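Colleague: This structure is in structure tokens; I'll ask about it shortly.
The values are calculated or read from the model by the stated rules, or taken from the named source; none is laboratory data. Small disclaimer: the values here were computed from a predicted structure and weren't measured. Cβ coordinates were reconstructed from backbone atoms using ideal geometry, including for glycine residues, and neighbour counts include every protein chain displayed.
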Amino acid sequence: MTGPVLSAREAGLVACPYCGLVCRHSRAGFCCPRCGGVLHPRKADSLSRSCAFLMAAAILYVPANLLPVMETSSLFGAEKDTILSGIVYFWTSGSQGLAGLIFCVSILVPMLKLGALSMLTWSVHRRSRRNRHQRATLFRIIEQVGRWSMLDVFVVALMVGLVHFRGLAVIEAGPGAAAFGAVVVLTMLAARSFDPRLIWDCGDEDHD
Amino acid sequence: MTKALVACPECDALHRRRSLARGERARCVRCRALLYRHSPLRPQQMLPLVLGALVTFVIANGFPIVDLQVQGQSNSATLFGSILALWGEGRQLVAVLVFATTLLFPLVDLLSMLTLLLLSGHSRPAALWRFVQTLRPWGMIEVFMLGTLVALVKLSHLAHVLPGAALWAFAALTVLMAAILSFDPRSLWDGPEGSEP
């Protein structure tokens, strides 16, 4: 840290989220004079919006993992694959690397996002001043990594498009696929509604 | 309003703007977030990239991604064909999600970029600009590319898999999109005085 830091809001300024222009903040709902974007010193209702998205995602997380994402019917009978059983299939068929990759993006990342975003909203709500650097880094990682969870949805989509051999094998998407896609979209929306500037807003007394 | 200041998008710390050399990045002193950077690409270099990406986009969607052969039967799938198959079997939500993130949003992004680059210097439609920036995180070509590879490995256990022209086009599109996204859109607003040393 290099001495006290002045935030734009403390200086009565606000930065445009679209073009980055720093303007004097006169009233709520004021528009950027350069690009016309609506200016808010902080994202509107950040905490309650992220909480709402997180709760919806947490509810859908259950069917996303329990219901089958892919239904295969072939000469050898019908098979229903959940996300976890798909990973087990990769592991047992000798592609341990791929199994690890899919485990990370489909199981670990959504779980990490739900846990970490809940922790972040809670700590901001409590106006905590501890570990701000770590929390800022955590949020940055969540924002970057979240989109990769869509991987499984795309795999299912392509398998469905490819495997429709009448009488031999047909693959269909299961109800879990929609739930899983919704979890990814909802956690991305939760991360986008969360304003990381709130982490730094509650005073400067600490020296971490 | 002032162009001399810049606020950190992640912690709101105020900084005085400095000019950067080509390829340099400015980071926040408090939280190390990226404030702005001098893109390695100039706006004039962006136009051929966007045009190239549009052509690649057409190839990627006009040809089959992969050809699958099982006991004399052969099936090929394009991206749009897969989306239609999903829609047809009653998974409309998944179909819309895949359509939006791999086809619609990347295409709208590229067409808007083209419009903005052709218009730069004249009147710049600011609303279109804000729209592109809102849309951008939802285009997922690179994730789809990885998904394709995973599906291919999965299918190679079951059948004979022949990669199609679109697979290579998607690989090229992933690289082109990464280059296009590395261009900081704010440098068009800040103009030459904000980016030239």
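Colleague: From the residues in segment A:1-16 that are surrounded by fewer than 17 Cβ atoms within 10 Å (Cβ to Cβ) and modelled with pLDDT of 80 or more, which one is farthest from the other protein chains (Cβ to nearest Cβ)?
Modeller: A:12
Colleague: When the residues of segment B:138-154 are narrowed to those that are modelled with pLDDT of 90 or more, assigned to a helix (DSSP H, G or I) and facing chain A (nearest Cβ under 7 Å), which ends up surrounded by the fewest Cβ atoms within 10 Å (Cβ to Cβ)?
Modeller: Residue satisfying both the conditions and the ranking: B:146.
Colleague: Quickly run through segment B:1-24 and pick out the residues that are part of a strand (DSSP E or B), modelled with pLDDT under 85 and of a type in the set (Lys, Arg).
Modeller: Selection gives nothing.
Colleague: For residues that are closer than 28 Å to residue A:161 by Cβ and not aliphatic (A, V, I, L, M), scanning just segment A:44-73, find the one that is nearest to the chain's Cα centre (by Cα).
Modeller: A:61
Colleague: Ok, one more. Suppose we filter B:27, B:16, B:37 for residues that are of a type outside the set (S, T, N, Q), surrounded by fewer than 13 Cβ atoms within 10 Å (Cβ to Cβ) and within 13 Å of chain A (Cβ to nearest Cβ); which single one remains?
Modeller: Being of a type outside the set (S, T, N, Q), surrounded by fewer than 13 Cβ atoms within 10 Å (Cβ to Cβ) and within 13 Å of chain A (Cβ to nearest Cβ) holds for just one of B:27, B:16, B:37, which is B:16.
Colleague: Of A:184, A:155, A:170, which residue is at the interface with another protein chain (Cβ under 7 Å from one of its Cβ atoms) and either among the β-branched types (Val, Ile, Thr) or within 20 Å of residue B:8 (Cα to Cα) (or both)?
Modeller: Details: A:184 fails: at the interface with another protein chain (Cβ under 7 Å from one of its Cβ atoms); A:170 fails: at the interface with another protein chain (Cβ under 7 Å from one of its Cβ atoms).
Just a single option satisfies the conditions, and that option is A:155.
Colleague: Answer yes if at least one residue in segment B:123-135 is facing another protein chain (nearest Cβ under 8 Å), over 14 Å from residue B:67 (Cα atoms) and surrounded by fewer than 16 Cβ atoms within 10 Å (Cβ to Cβ), and no otherwise.
Modeller: Scanning segment B:123-135, I find at least one residue that is facing another protein chain (nearest Cβ under 8 Å), over 14 Å from residue B:67 (Cα atoms) and surrounded by fewer than 16 Cβ atoms within 10 Å (Cβ to Cβ), so the answer is yes.
Colleague: Has segment B:125-137 got any residue that is within 16 Å of the chain's Cα centre (by Cα) and under 15 Å from residue A:154 (Cβ atoms)?
Modeller: No, the conditions are met nowhere in segment B:125-137.
Colleague: Let me ask something additional. Give just the number: which of (1) farther than 30 Å from residue B:99 by Cα; (2) more than 23 Å from the chain's Cα centre (by Cα) does residue A:167 not satisfy?
Modeller: (1)
Colleague: So residue B:76 passes all but one of these: (1) touching a strand residue (DSSP E or B) at 6+ places or on another chain (Cβ under 7 Å); (2) not assigned by TED's automatic domain parsing to the domain that holds residue B:137. Which condition number does it fail?
Modeller: With (1) touching a strand residue (DSSP E or B) at 6+ places or on another chain (Cβ under 7 Å); (2) not assigned by TED's automatic domain parsing to the domain that holds residue B:137 applied to residue B:76, the lone miss is (2).
Colleague: Consider segment B:56-71. How many of its residues are assigned to a loop (DSSP other than H, G, I, E, B) and either loosely packed, with under 15 Cβ neighbours inside 10 Å or away from chain A (no Cβ under 13 Å) (or both)?
Modeller: To start, the set of residues in segment B:56-71 that are assigned to a loop (DSSP other than H, G, I, E, B) comprises B:63-65, B:71.
Retained after the next criterion (residues that are either loosely packed, with under 15 Cβ neighbours inside 10 Å or away from chain A (no Cβ under 13 Å) (or both)): B:63, B:71.
Qualifying residue count for the region: 2.
Colleague: Further question on the same structure: So for segment A:112-120 (the condition being among the basic types (Lys, Arg) and at pLDDT 90 or above), does at least one residue qualify?
Modeller: yes
Colleague: From A:197, A:129, which residue is within 29 Å of residue A:9 (Cα to Cα), in contact with an Asp or Glu (Cβ under 7 Å, 6 or more places away or on another chain) and either away from every other protein chain (no Cβ under 11 Å) or surrounded by fewer than 17 Cβ atoms within 10 Å (Cβ to Cβ) (or both)?
Modeller: On the way: A:197 fails: either away from every other protein chain (no Cβ under 11 Å) or surrounded by fewer than 17 Cβ atoms within 10 Å (Cβ to Cβ) (or both).
The unique qualifying residue is A:129.
Colleague: Does segment A:154-173 contain any residue that is of a type in the set (Phe, Trp, Tyr), under 23 Å from residue B:155 (Cβ atoms), part of a strand (DSSP E or B) and in the same structural domain as residue A:113 (by TED's automatic domain parsing)? Give the derivation first.
Modeller: First, the residues of segment A:154-173 that are of a type in the set (Phe, Trp, Tyr): A:154, A:165.
Filter once more, so that each one left must be under 23 Å from residue B:155 (Cβ atoms): A:154, A:165.
In the following step, the residues that additionally are part of a strand (DSSP E or B) were identified as A:165.
Still in the running and in the same structural domain as residue A:113 (by TED's automatic domain parsing): A:165.
Among the residues of segment A:154-173, at least one is of a type in the set (Phe, Trp, Tyr), under 23 Å from residue B:155 (Cβ atoms), part of a strand (DSSP E or B) and in the same structural domain as residue A:113 (by TED's automatic domain parsing), which makes the answer yes.
Colleague: Then there is this: Quick one: would you say residue A:106 is more than 9 Å from chain B (Cβ to nearest Cβ), surrounded by 18 or more Cβ atoms within 10 Å (Cβ to Cβ), under 24 Å from residue B:92 (Cβ atoms) and out of contact with any strand residue (DSSP E or B) (no Cβ under 7 Å at 6 or more places or on another chain)?
Modeller: yes
Colleague: Looking at A:103, A:30, A:90, which is the one that is in the same structural domain as residue A:168 (by TED's automatic domain parsing) and at pLDDT below 90?
Modeller: Result of the check over A:103, A:30, A:90: A:90.
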